[in-house]
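K.L.:
Before I ask anything, here is the structure I am working with.
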Amino acid sequence: MNAGLILAGGKGERLTGYDKPKQFIEVGGKPVISYCLQTFEQCADIDLICVVIAEEYRGNLGSFLFADPGKSRQHSIYNGLLFLKQYAPDRVVVHDAARPLVTGADISDVITSSLACDGATPALPVTDTTYQSVDGKTITTTLNRDELFAGQTPECYDFKKYLGIHERLSDEELSAVRGSSEIAVGFGMKIALAKGDECNFKITTNADLERFRTIVEGR
Ligand code: CTP
Ligand code: MG
């Protein structure tokens, strides 16, 4: 049994000029979050869906299970996992509500990729030359692009193993996490790289939101 875990507990601080977080801004007559919720609902590989979301935004979304947001993205994931524990899913598929253009194929692909491992994450090969700069002003070194991949969601994990890792971490360790697979890999879970999807971009900045608006309105 596969549980979908939709993350909508963030404040969207890198996007400015709106009175609500990016996932609740209306595009094409409905909030950004509704796009991925519909895709998850229609995906035959997903058996139940939990949305991590503040209470004030739960009305009108439909009949989903809900969990409370945490102070960091990883804390929000942990809250969702703790809520889902009662349903004992085999796998959890974690997705950013800020990625409205996820497809059913993206979800099914990451689940399939995870089957031979403990989990899988979609990632795109990095195409630009990539520099490391320790001070943000001058180049420290040029990284080997052939070994670099940009991670996306939906990410799929063995539910018991992934929850178990969160239960062993301190509050500070959870706050320091930079991506959902970081602790999975750190605790020995084997995480496959699944095929990324260029269309499944995350709305982070105002330019991303306008890109999404143009796609929806041009349909
Ligand atoms: N998220 C969450 N709980 C948090 C932080 C983030 O559920 N405490 C969710 C966001 O709602 C988003 C996804 O994680 O759907 C990806 O995170 P990000 O793009 O960083 O969203 P925000 O943290 O909301 O944005 P920002 O970092 O610009 O403030
Ligand atoms: Mg954030």
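A quick yes/no check of all residues on (1) assigned to a helix (DSSP H, G or I); (2) more than 30 Å from residue 38 (Cβ to Cβ); (3) modelled with pLDDT under 95; (4) touching a Pro at 6+ places or on another chain (Cβ under 7 Å):
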{"site": "107", "(1), (2), (3), (4)": "yes, no, no, yes"}
{"site": "110", "(1), (2), (3), (4)": "yes, no, no, yes"}
{"site": "113", "(1), (2), (3), (4)": "yes, no, no, no"}
{"site": "121", "(1), (2), (3), (4)": "no, no, no, no"}
{"site": "135", "(1), (2), (3), (4)": "no, yes, no, no"}
{"site": "138", "(1), (2), (3), (4)": "no, yes, no, no"}
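K.L.:
Any residue in region 51-60 that is under 18 Å from residue 6 (Cβ atoms), modelled with pLDDT under 95 and either not in a loop (DSSP other than H, G, I, E, B) or not β-branched (Val, Ile, Thr) (or both)?
P.N.:
yes
K.L.:
Inspect region 113-122 for any residue being of a type in the set (D, E, K, R) and within 18 Å of residue 193 (Cα to Cα) and give the result as yes or no.
P.N.:
Among the residues of region 113-122, at least one is of a type in the set (D, E, K, R) and within 18 Å of residue 193 (Cα to Cα), which makes the answer yes.
K.L.:
Next up: Please state which one of 120, 105, 150 is buried (at least 18 other Cβ atoms within 10 Å of the Cβ), under 27 Å from residue 203 (Cβ atoms) and of a type in the set (A, V, I, L, M, F, W, C).
P.N.:
Of the residues listed, the single one that is buried (at least 18 other Cβ atoms within 10 Å of the Cβ), under 27 Å from residue 203 (Cβ atoms) and of a type in the set (A, V, I, L, M, F, W, C) is 120.
K.L.:
Which residue pairs have Cβ atoms closer than 7 Å, lie 6 or more positions apart in sequence or on different chains, and pair a first residue in region 158-180 that is over 18 Å from residue 115 (Cβ atoms) with a second residue that is polar (S, T, N, Q) and surrounded by fewer than 17 Cβ atoms within 10 Å (Cβ to Cβ)?
P.N.:
Going by the 7 Å Cβ cut-off, the qualifying pairs are 174/72; 175/72.
K.L.:
Mind checking which residues of region 2-26 are within 21 Å of residue 107 (Cα to Cα) and either more than 6 Å from ligand 1 (Cβ to nearest atom) or of a type in the set (A, V, I, L, M, F, W, C) (or both)?
P.N.:
2, 3, 4, 5, 6, 7, 8
K.L.:
If only one of 99, 73, 91 is away from ligand 1 (no atom under 15 Å from the Cβ), touching a residue at least 12 places away in the same chain (Cβ under 8 Å) and surrounded by 14 or more Cβ atoms within 10 Å (Cβ to Cβ), which one is it?
P.N.:
91
K.L.:
How many of the residues in region 7-62 are within 15 Å of ligand 2 (Cβ to nearest atom), loosely packed, with under 14 Cβ neighbours inside 10 Å and free of Cβ contacts under 8 Å to residues at least 60 places away in the same chain?
P.N.:
Number of matching residues: 2.
K.L.:
Would you point out which residue out of 76, 114 is closer than 22 Å to residue 166 by Cβ and touching a Gly at 6+ places or on another chain (Cβ under 7 Å)?
P.N.:
After applying the criteria, what remains is 76.
The values are calculated or read from the model by the stated rules, or taken from the named source; none is laboratory data. Values in this document were obtained by computation on a predicted structure and should not be read as measured data. Counting neighbours? That spans all protein chains shown, and the Cβs are built from the backbone with ideal geometry, glycine included.
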